[in-house]
Structures are given as structure tokens and as C-alpha cells.
Amino acid sequence: MKVVYSPAHLGHDVTHETYLGQPIPAHEVAERAEIIRAALQHDGGYSFHEPTEHGEDPITAVHDPGLIRFLAEAWPAVQRERLERPYLVADTYPTFRMFEGMSPGLAAGQPEPRSVAGRVGWWGLDTSNPLVEGTYQAARAAVDVALTTVDLVLAGEQAAYGLCRPPGHHAARSMAGGYCFFNNAAIAAEAIVRATGERVAILDVDYHHGNGSQQIFWRRGDVFYASIHADPARQYPFFLGYAHETGEGPGSGENLNLPQQAGLSDERYLVAVDRALEAVVARPGSVIVVSLGFDTYGQDPIGDFALTTAVYAEVGRRVAATGRRLVILQEGGYYRPALGQNTVAWLRGADGG
Ligand code: Q9C
Ligand code: ZN
């Protein structure tokens, strides 16, 4: 299988994140992608490809251009404003309740703040997303990794894997968050729709709900989003991911959320996978974009499912058995000792192994 990887992710060298106000060692660290790369190289049977530059247009196809501008300018602004912080994390956000009782036009018409401390809240979703000097270049490279993976599949590969880091599925049209800056999978799905005119399905098997992917395609009839994730009543992103969220307008019925209880077993997980795949194959299209997360693993430090390595090979097999071509993009997964074996298992399953 072809793998797309860029060393640019190393510049997003995050050491800490904020958890309930307290700095803790970061979960989404550079070592994750290096562990996966080493495991695939050691396993053999994977050829590595550098991403090619795809420019801003595929990004602005799903994101507010202001988000790109902010991420490009943020670190220089931190320096200029002499914030003297090792990383940038917001502490004030324009939450919708701030505008309660006021006309919707007021909230919509507020200007973007001028200071970088205000801007990082304006373009942000949560405090788990530290921004450092190399973050923007890394996030741009992750998008190029995703788009190059799309190129390989559209050129005839049955399946290809993009080792995206930072991940993407929490990034919404105008918000970075949840360790994500640009929504790699959404950008990939949109690029496939534009290149082929076909409908596309996103299958999101990260432990967390992909609120960004759902939001971006909420009113779209040509991109079906299906996600298996922790019930938002107990788990991040907390405010989206319920089963009753099914899309609106032309996207009505094109969003499928399958929230799961803590302790989810391999067996029950496969039932959810089959449900999602049944919905995918009921719709036309020839490509599935997989948002692949391993924070569903039993020992993940921020997850609470009970999945084993063996189930990932089976999930890979079942996804490949749809006969659709697969653009497989890395999202989360934070238990580093098993990250390599889990990725190898999933991809080998998807590759007919
Ligand atoms: N102390 C992805 O898996 N909050 N993102 C974590 C843990 C954010 C996860 C708090 C979790 C985001 C791509
Ligand atoms: Zn996750």
C-alpha cells in the first residue's frame, strides 16, 4: 500500500496541553506519527511518498479563509506582541450564550479582535490545541498529505494511507480545536467530489465525534458522514455527536451518528461498523474517506472503549469488502506503545491481509 508522509509535522512540536485549566503533558505529540512511520517501514509492503503542494484553494473550499490567515499569522503575532509564552492557547471564546437575548445580527456582525489573544479564541473551539512556531507549516503539510493520498486513489490505487499529523476531524469551517487545525478528511472529501462529480462517504472511526466534518457537510447531500464515537454526553466534543443529528436541507439523512457507551467491546463495535457500512453502501459513490483513530483502543489514555488490536484488522477487512476505494487518513490515537501494531493491523486488513 502507498503511504503519504511528510516530516513537516515535526515542527508542530507540542509538549503540553490544557486539561480543565491545568497544563498536562500533551497527548497529540510528534512521536505518534514517527511510531506509525517506523512500524509501517518495519512491517514492509508499504511504499512512502512525499506530499505535493496543493495550495490554498482546496482548503478554502471547506474553511473560512480567515482561519488560514489567522493560523499563518498567529506565531509572528505572538512574537510581535511579546506574549512570551511557549505556546499559544486561548482562554476566552465567543460562546453563543454571550449573545443570549441579543439579536442574532449582533453576534454575526462582531469584528474579529485585533490582538492575537482575542483572535485565538475567535478561531478556536477549545483549549486542547496549543499552537507553536511550526504549527501552521505542519497543518498545511497534513492537508497536502491528505490531498496527495486522494491523488493516488483517483489515479487508480484501491487504497492509500495518509499519515496526517496534526489530525483534522474536529476542525470546523472557522474553528481549530481538539488537536486539529485544518480538517484533512473534509478537504479530501470535497476534493474528491469536485474531481469526480460523485458522491463521497466519510467513515469516521476515531473515538471522538468528528464535529468539524459533521458541521462542514451538514447541509450537503453529496457527502455522507457516518461516525462511531463516544457518547457526547460524557465525552469531548460534548456538544455535538448525538444520534438525533441527521443533517438538514439537502443533507437531511446524510449524517449518521452512532454514539457508544464506555467499555465498548470488539463484538459490539463490529455491530456499529456494520451499521455504518450498510448505510455507506446504500448510497452511490466509489470512494470512502476513512477518518482513522486508534483512541478506541482499550488502553488509550483519553478513551474508554475496550477494543483490541485484533478488531482493527477485522474492521479494515470489512471496510475494504465494500469494494469501494479507500482514502485512509490518520486522526487520533494516544496509547503510543500500541499505535504501530494497531495501524499495521488495520491497514493489513484493508489491504486484503
Ligand atoms: N485531557 C482527536 O482525537 N480534549 N482529538 C482532550 C484530555 C480534546 C481529541 C482532553 C480531545 C481531542 C483527533
Ligand atoms: Zn479522537
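The values are calculated or read from the model by the stated rules, or taken from the named source; none is laboratory data. Remember, it's a predicted structure, so these values are computed and weren't measured experimentally. Glycine also receives a Cβ, built like all others from the backbone with ideal geometry; neighbour counts cover every protein chain displayed.
Only strands (runs of 3 or more DSSP E) wholly contained in the range 6-78 count here; list those with 2 or more residues that are touching a residue at least 12 places away in the same chain (Cβ under 8 Å).
The qualifying strands (runs of 3 or more DSSP E) are 16-19, 47-49.
Please go through the range 200-221 and pick out each residue that is more than 16 Å from ligand 2 (Cβ to nearest atom), in contact with a strand residue (DSSP E or B) (Cβ under 7 Å, 6 or more places away or on another chain) and part of a loop (DSSP other than H, G, I, E, B).
Matches in the range 200-221: F217, W218.
Would you be able to tell me the number of residues in the range 148-178 that are among the aliphatic types (A, V, I, L, M) and away from ligand 1 (no atom under 15 Å from the Cβ)?
In the first step, residues of the range 148-178 are kept if they are among the aliphatic types (A, V, I, L, M); the result is 150, 152-155, 159-160, 163, 171-172, 175-176.
The next check asks that each one be away from ligand 1 (no atom under 15 Å from the Cβ); those that pass are 150, 152-155, 159-160.
Looking only at that region, the number is 7.
Within the range 179-199, track down each residue that is assigned to a loop (DSSP other than H, G, I, E, B) and either of a type in the set (F, W, Y) or within 12 Å of ligand 1 (Cβ to nearest atom) (or both). Steps first, please.
Going residue by residue through the range 179-199, those that are assigned to a loop (DSSP other than H, G, I, E, B) are 179, 181-183, 197-199.
If the condition is that a residue be assigned to a loop (DSSP other than H, G, I, E, B) and either of a type in the set (F, W, Y) or within 12 Å of ligand 1 (Cβ to nearest atom) (or both), then Y179, F181, F182, N183 are the ones that fit.
Can you find a residue that is more than 16 Å from ligand 2 (Cβ to nearest atom), in contact (Cβ under 8 Å) with a residue 40 or more places away in the chain and not β-branched (V, I, T) anywhere in the range 88-108?
The initial filter retains those residues of the range 88-108 that are more than 16 Å from ligand 2 (Cβ to nearest atom), namely 88-108.
From what is left, the residues that are in contact (Cβ under 8 Å) with a residue 40 or more places away in the chain are 88-89.
When the remaining residues are screened for being not β-branched (V, I, T), the result is 88.
Checked against the condition, which is being more than 16 Å from ligand 2 (Cβ to nearest atom), in contact (Cβ under 8 Å) with a residue 40 or more places away in the chain and not β-branched (V, I, T), the range 88-108 yields at least one hit.
What number of residues within the range 13-52 satisfy the criterion of being closer than 17 Å to Y179 by Cα, in contact with a strand residue (DSSP E or B) (Cβ under 8 Å, 6 or more places away or on another chain) and among the acidic types (D, E)?
2
Could you grab me the full set of residues in the range 160-183 that are surrounded by 24 or more Cβ atoms within 10 Å (Cβ to Cβ) and either in contact with a Pro (Cβ under 7 Å, 6 or more places away or on another chain) or farther than 21 Å from T52 by Cβ (or both)?
Listed by number, the residues that qualify are H169, H170, A171, A172, M175, A176, G178, Y179, C180, F181.
Kindly check whether there is at least one residue in the range 217-239 that is among the acidic types (D, E), away from ligand 1 (no atom under 13 Å from the Cβ), over 13 Å from the mean Cα position of the chain (by Cα) and over 28 Å from K2 (Cα atoms). Write out each step before concluding.
We begin by selecting, within the range 217-239, every residue among the acidic types (D, E); these are 222, 231.
Imposing the further condition that a residue be away from ligand 1 (no atom under 13 Å from the Cβ) reduces the set to 222, 231.
Those left that are additionally over 13 Å from the mean Cα position of the chain (by Cα): 222, 231.
With over 28 Å from K2 (Cα atoms) added as a condition, the list becomes 231.
Among the residues of the range 217-239, at least one is among the acidic types (D, E), away from ligand 1 (no atom under 13 Å from the Cβ), over 13 Å from the mean Cα position of the chain (by Cα) and over 28 Å from K2 (Cα atoms), which makes the answer yes.
Tell me the residue from A159, A171, A186 that is of a type in the set (A, V, I, L, M) and under 18 Å from L88 (Cα atoms), please. Even if it seems obvious, please write down each step before you answer.
Values: A159 fails: under 18 Å from L88 (Cα atoms); A186 fails: under 18 Å from L88 (Cα atoms).
After applying the criteria, what remains is A171.
Please find, within the range 3-22, the residue that is nearest to I36 (Cα to Cα) out of those that are crowded, with 22+ Cβ neighbours inside 10 Å and within 16 Å of ligand 1 (Cβ to nearest atom).
The qualifying residue nearest to I36 (Cα to Cα) is H9.
Checking the condition surrounded by 14 or more Cβ atoms within 10 Å (Cβ to Cβ) and among the acidic types (D, E), which residue from D57, D64 passes? Please lay out each step first, then the result.
Numbers: D57 fails: surrounded by 14 or more Cβ atoms within 10 Å (Cβ to Cβ).
Testing whether each residue is surrounded by 14 or more Cβ atoms within 10 Å (Cβ to Cβ) and among the acidic types (D, E) leaves just D64.
Quickly run through the range 294-319 and pick out the residues that are surrounded by fewer than 20 Cβ atoms within 10 Å (Cβ to Cβ) and not acidic (D, E). Give the derivation first.
First, pick out the residues of the range 294-319 that are surrounded by fewer than 20 Cβ atoms within 10 Å (Cβ to Cβ): 298-299, 301-302, 304, 306, 308-310, 313-314, 317-318.
Once the filter is applied, which keeps residues that are surrounded by fewer than 20 Cβ atoms within 10 Å (Cβ to Cβ) and not acidic (D, E), the range 294-319 yields G298, Q299, P301, I302, A306, T308, T309, A310, A313, R317, R318.
In a helix (DSSP H, G or I), in contact (Cβ under 8 Å) with a residue 12 or more places away in the chain and under 10 Å from the mean Cα position of the chain (by Cα) - does that describe any residue in the range 156-178? Steps first, answer last, please.
Step one: list which residues in the range 156-178 are in a helix (DSSP H, G or I), which gives none.
No, every residue in the range 156-178 fails to be in a helix (DSSP H, G or I), in contact (Cβ under 8 Å) with a residue 12 or more places away in the chain and under 10 Å from the mean Cα position of the chain (by Cα).
Considering the range 79-102 alone, what residues qualify as being in a helix (DSSP H, G or I), at pLDDT 95 or above and among the basic types (K, R)?
R80
Residues S286, S291: which one is among the hydroxyl-bearing types (S, T, Y), surrounded by fewer than 17 Cβ atoms within 10 Å (Cβ to Cβ) and closer than 24 Å to G162 by Cα? Quick ask: steps written out before the conclusion?
Working: S291 fails: surrounded by fewer than 17 Cβ atoms within 10 Å (Cβ to Cβ).
When all the criteria are applied, what remains is S286.
Pairs needed: first member in the range 200-216, closer than 14 Å to C164 by Cβ and among the β-branched types (V, I, T); second member anywhere, away from ligand 2 (no atom under 14 Å from the Cβ) and part of a loop (DSSP other than H, G, I, E, B); C-beta distance under 9 Å; at least 6 residues apart or different chains.
Listed pairs, sorted by first residue: I202/F217.
Taking the criterion of being more than 23 Å from R318 (Cα to Cα) and of a type in the set (D, E, K, R), would at least one residue in the range 249-256 satisfy it?
No - not one qualifying residue is present in the range 249-256.
Quick one: which of L292, L307 is within 15 Å of ligand 1 (Cβ to nearest atom), modelled with pLDDT of 95 or more and closer than 17 Å to R348 by Cα?
Working: L307 fails: closer than 17 Å to R348 by Cα.
Checking each option against the conditions leaves just L292.
Just give me the residues in the range 48-86 being under 23 Å from the mean Cα position of the chain (by Cα) and among the small types (G, A, S), in sequence order. If you could, list the steps in order and put the result at the bottom.
Filtering the range 48-86 down to residues under 23 Å from the mean Cα position of the chain (by Cα) leaves 48-75.
G55, A61, G66, A72, A74, listed by residue number.
Is at least one residue of the range 91-111 surrounded by fewer than 15 Cβ atoms within 10 Å (Cβ to Cβ), under 22 Å from Y19 (Cα atoms) and of a type in the set (S, T, N, Q)?
Yes, that holds for at least one residue.
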